[in-house]
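The values are calculated or read from the model by the stated rules, or taken from the named source; none is laboratory data. Note that this is a predicted model, so its numbers are computed, not measured. Cβ placement follows ideal geometry from the backbone for every residue including glycine, while neighbour counts extend to all protein chains displayed. With ligands, DNA and RNA removed, areas are computed over all heavy atoms of the protein, side chains included. Shrake-Rupley method; radii C 1.70, N 1.55, O 1.52, S 1.80 Å.
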Amino acid sequence: MKILVDYCGREIRLTEERLNHISEHPEMRGLETILEETLRSPEKVVRSRSDEKALHYYRFLPESEF
């Protein structure tokens, strides 16, 4: 398990299972570094509608194929 830190200094656990799940999405393969950068410097953060404790971090990647 890897511990990442978001823009507010909160620790986020990234388990091997979650990383494998994220990597199943073709647009996310090989972007672990970008994932970490997005947590540290997101363009937008939105609270999840289904889980009040969860946040969604967003960052636009113009060089992305998708």
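Things to note:
- Flag for L31 being in contact with a Ser or Thr (Cβ under 9 Å, 6 or more places away or on another chain) and open to solvent by less than 50 Å² (accessible area, probe 1.4 Å): yes
- For first residues located in segment 1-28 and among the polar types (S, T, N, Q), partners that are part of a helix (DSSP H, G or I) and lie 6+ apart or on another chain with Cβ distances below 9 Å form the pairs S23/E32.
- Restricting segment 2-24 to residues that are at pLDDT 95 or above and in a loop (DSSP other than H, G, I, E, B), the residue that is farthest from R59 (Cα to Cα): T15
- Yes/no for K44 being open to solvent by 80 Å² or more (accessible area, probe 1.4 Å) and without any contact (Cβ under 8 Å) to a residue 12 or more places away in the chain: no
- Selection status of E65, of a type in the set (D, E), open to solvent by 100 Å² or more (accessible area, probe 1.4 Å) and at pLDDT below 95: yes
- Segment 25-39, residues that are more than 10 Å from the chain's Cα centre (by Cα), within 18 Å of H56 (Cβ to Cβ) and not in a helix (DSSP H, G or I): H25
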